[in-house]
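Bear in mind that the values in this text are calculations on the coordinates, not laboratory data. Being a predicted model, the structure only gives us computed values, none of them experimental. Glycine also receives a Cβ, built like all others from the backbone with ideal geometry; neighbour counts cover every protein chain displayed.
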Amino acid sequence: MKALILAGGAGTRLRPITYTRAKQLVPVANRPILFYGIDALVEAGITDIGVIVGDTRDEVIDALGDGSRFGCTITFIPQESPAGLAHCVLIAGAFLGDEPFVMFLGDNLLEQDLGAFVGAFDASGDGPDAKILLKQVDDPQRFGVAELDGAGHVVRLVEKPEQPPSDLALVGVYLFGPRIHEAVRSIVPSPRGELEITDAIQWLIDRGSTVTAEILQGWWIDTGKLTPLLEANRLLLDKITRRIDGSVDAASALVGNVVVEAGARIVRSRLRGPLTIGADTVVLDSFVGPHTAIGARCTVERSEIEHSVLMDGSTVRDIERLEDSLIGREAEISRSRTKPRALRLMVGDHCQIDVE
């Protein structure tokens, strides 16, 4: 079995774009989101992985390399414009061949192991032509929604319905047999100008194919926006174990599950986990609280930070309290000591700022 991952701006233009860089490479618990998906596929026994890349392809290719660091082989498949998830299957046809495959959206994080979900799929003989992963949600109007019959087979898919037929949302993990290639060649673009994977699956259903479903156990987070990204960071940090590879001076105190990577220095500071401090980062005269992930080569001085993500190379200096925040790479946040005092900002695309 092969896998197809959507990464780096690929797929559809209407998925949330919150970061100017590849959002799948934004870290949670100091590791890019995309890496967790690749790990899950490799652990499920899938080691031949195609990655659809879009406008941030160079960054994604640089981060993933040939896949050997993950124990797999990666083939990059460029998508020139975001023309829909079914279009991704269409352009990956030569890579996928006639093998069954799993399609995985690269900004998803799942608690559930994919091994059983993948292992039970048989697209030959009397097996289904597709299998989808679903999750019960409180607000199905925001998602693609599946309607099931009494046997648990999918009979209808509806995209963001005003009157949802169920509370079962499509998670973004799909298993397909080779007939999906005929489906993506046969459908037409939706009103938003894209080839929709829901339309391709419905095409299969309407022509007598069996499409089955499995209800996801555990949490599922689409990390395309700030609040769910911080929630994912919290959930993953809750699983870490204490490890101190950097230096901690005698005037500092570390409480709970704290990771301090090699080269990091903790000076006259208090850290209360779970949290992680990246390599070569300096924390000086500061407090870092639970569910914080500070990347590599950062500087935190005379500040308090909690429940936040600081990406590599960022600086936070003289900030009394920073929480529920995502700070991008090489960003600098400091309190002005000159007069007249003012709030001075350089803000990138798609940012959210709350000012007291």
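Observations
- Residue-averaged [θ]222 nm for the chain, counting only DSSP H segments that reach four residues, each worth -39500 (n - 2.57): -5000 deg cm²/dmol
- Charge dipole magnitude, Cβ of K and R +1, D and E -1 - the chain, Cα centre, debye nearest 20: 1240 debye
- Take every DSSP beta bridge whose two residues both sit in the chain; close to 30 percent of them are antiparallel.
- Counting other Cβ atoms within 10 Å as a rough exposure proxy, the listed residues His307, His291 run His307, His291 from fewest neighbours to most.
- Across region 2-235, C-alpha contacts under 8 Å between residues 6 or more apart give a mean separation that, scaled by the residue count, equals a relative contact order of 24 percent.
- Contact order relative to length of region 165-313, as percent, for alpha carbon pairs under 8 angstrom and 6 or more apart: 13 percent
- For Lys131, the lysines whose Cα comes closer than 28 Å to its Cα, not counting residues fewer than 8 places off in the same chain, are Lys2, Lys23, Lys160, Lys225.
- Shown here: percent of Cα pairs over 38 Å apart, derived from the displayed model; of the candidates (1) 35; (2) 24; (3) 9, it corresponds to (2).
- A simple spin-label model places pseudo-atoms 7 Å from Cα toward Cβ; at Gln163 and Asp55 they are separated by 3.8 nm.
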